[in-house]
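Quick notes on the structure that follows.
Coordinate-derived values only; no laboratory data. Since the model is a prediction, treat every value here as computed from it, not as a measurement. Note: ideal-geometry Cβ built from the backbone for every residue, glycine included; neighbour counts use all protein chains shown.
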Amino acid sequence: MALKGSGRATDLEVVDRFDGGVGWVAYPEEAMRRSSHALTVDGDVWLVDPVDAEGIDDLLADLGEVRGVVVLMDRHSRDAATFARRYDVPVYVPPFVNVDVDAPTEQLVGRLPDSEFQVVQTVDWPGWNEAALYDGETLVVADLVGTADYFLAGPERVGVHPMLRVMPPRVLREFSPERILAGHGDGVMENGTAALRTAVDGARRRAPEVWLRGLRSMF
């Protein structure tokens, strides 16, 4: 199994369908399980950390009009510029996130425009700046937590990123979502608060299991 797919994906897997949007994994067989999301707000469609794939335009056409592309962290520019040029929309980036995209950009401050989604800084490390979108019901993250195999240990349905497990960001305890849409893996579509509490409470204790799993996957 490849760590990360390359080229334009041809095997799109749709995940995370709910009233407020949909998610997809462009390379279902890759180990990283990079997930992309389209959030729908009053007929507008916001693409979050998107990866391009054949068939994605038909999926998005059923949702509404694409208004913008959102990049939530430094390493997640992915195919943001491709989508921005295709739909002639800006790439929205929080001011503390550093990305270089070949497309017009707008600062994403406070809230996602005309929506209830707040922009919350979750990670502030040298070389790693990350934001989340949160409306009280849905939490959208990049790498903060995930459900791909290398994020998980024990009873976890969602796990704290391996590099954040020793000291999980305090902001994780401020969220009480019903669903969690992550940048890696399928989303947690119900009882998200309980899943998040389990992840945070056992993050440090279960860290060695996650690290060992990660090492084994390299060989």
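Annotations
- Projected area, mean over directions - the chain, Cα convex hull, nm²: 11.2
- The chain, relative contact order [Cα under 8 Å, separation at least 6], %: 14
- Against the main long axis of the alpha-carbon atoms of the chain, helix 207-217 sits at an angle near 70°.
- Electrostatic tally near Asp79: other residues with Cβ closer than 12 Å to its Cβ, Lys and Arg +1, Asp and Glu -1, net +2.
- Backbone phi angles across the stretch 31-42, fed through the Karplus curve with coefficients 6.51, -1.76 and 1.60 (θ = phi - 60°), yield HN-Hα couplings of 5, 6, 6, 5, 9, 10, 9, 10, 9, 10, 9, 6 Hz in residue order; Gly and Pro are listed as x.
- DSSP beta bridge pairing in the chain, given as percent antiparallel to the nearest 5: 65
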